[in-house]
């Protein structure tokens, strides 16, 4: 079946932060001294020029500045990048442009600058409103600064913003997890990302786990209790860890979960693109270290790697994303975005249905409540191991 190019997003990675958090496995580097923002914007635009031939004629539906801490970058540089990007790519009317921000970097006037530059959505890395939890997580802000940062953004005219919150934190109990949500609700976010602390490989916490992490049963109790609180407060769950006011889903992340396309520019950025000329799906990532990226952006040397996604692997990749969505996916979308017939996944779907993990209704596949508890097991059904070499 023919591959149909899906919606296209643009991801921009800003690699610096004030201090690396011990649980963080993202490509982030502690900034020391004056950071080379002007040179980095030049590198981003050169990187974009290098990738442009892969997306000629396509429209960008969303832009996301991630990190690191993108809010370390002053607004004038965000503005210069967006002006340069919009002169090279067609931005859709009302294009969602999100900037991740750390409350510890909020300053008077900065949010007005971001808004004037074209940013229309913010994502605050709050994690908790408990000062003890924040200290144990290695965050640079406290609860007072978190609330003040959100209010500064609201005063600047931002009415669409996400709050990131974590649960099952060291030293946290159920009442503390509930208190975090109540503090969040008082700020009236349009979107809440609520996810469990995990000890990711190659992090400080993985090497030296902190004391007092709640056990699995306690973590599950927090999840169920907090899901009920979010629902009661009017936040609809649409993905494993994403809750939203009606009509305020994150368009950028939805595109990921629906196996859409995205250009990835910046140090360590990953992209995924459907190429019509040879009916292939390409993954490309850039070198991680900012110094090397600055030196090589704009030419082949900046590419850390390219990978063509074989038809055998596409069902797994698609499910890894789409089965995170509460509403699941349409079989027609699977066919359009993988180039494969839905008959190829009928055996796996039948197993998942028999186990009570999935349901199919009018061509739409949805995970059940049980299926959402065992998402990894459901997705694993679609993983085809490569043939061993003899």
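Worth pointing out:
- Remark: C-alpha extents of the stretch 227-361 on the principal axes read 50, 40, 23 Å, sorted largest to smallest.
- Near-label residues of the stretch 247-272 by backbone N, under 17 Å of a point 7 Å along Cα→Cβ of residue 295: 267-268
- Taking 0.36 nm per residue of separation and subtracting the Cα-Cα distance, full extension of the segment from residue 52 to residue 142 would add 28.3 nm.
- Approximate spin-label separation residue 88-residue 383, in nm, with each point projected 7 Å along Cα-to-Cβ: 3.6
- The antiparallel fraction among DSSP beta bridges confined to the chain stands at about 40%.
- With each label modelled as a point 7 angstrom along the Cα→C-beta vector, the residue 283-residue 364 pair spans 2.9 nm.
- Potential extension, residue 351-residue 30 segment - 0.36 nm per residue separation minus Cα distance: 110.9 nm
- Most mobile listed residue (277, 179, 29) in the chain, GNM with C-alpha springs under 10 Å: 277
- If you run the Gaussian network model on the chain, springs between alpha carbon atoms under 10 Å, then out of 44, 163, 229 the most flexible one is 229.
- Within the listed set 377, 180, 42, the Gaussian network model of the chain (springs between alpha-carbon atoms below 10 Å) gives the highest mean-square fluctuation for 377.
- Projected label distance in nm at residue 188 and residue 330, using a 7 Å step from Cα toward the beta-carbon: 3.5
- For the chain, the 222 nm mean residue ellipticity estimated from helices alone, with every DSSP H stretch of n ≥ 4 adding -39500 (n - 2.57) and the total spread over all residues, rounds to -10500 deg cm²/dmol.
Readers should treat all values here as calculations from the given coordinates under stated rules, not as data from a laboratory. Note that the structure is predicted; figures quoted are calculated from it, not measured. As a convention, Cβ positions derive from the backbone with ideal geometry for all residues, glycine included, and neighbour counts pool all protein chains shown.
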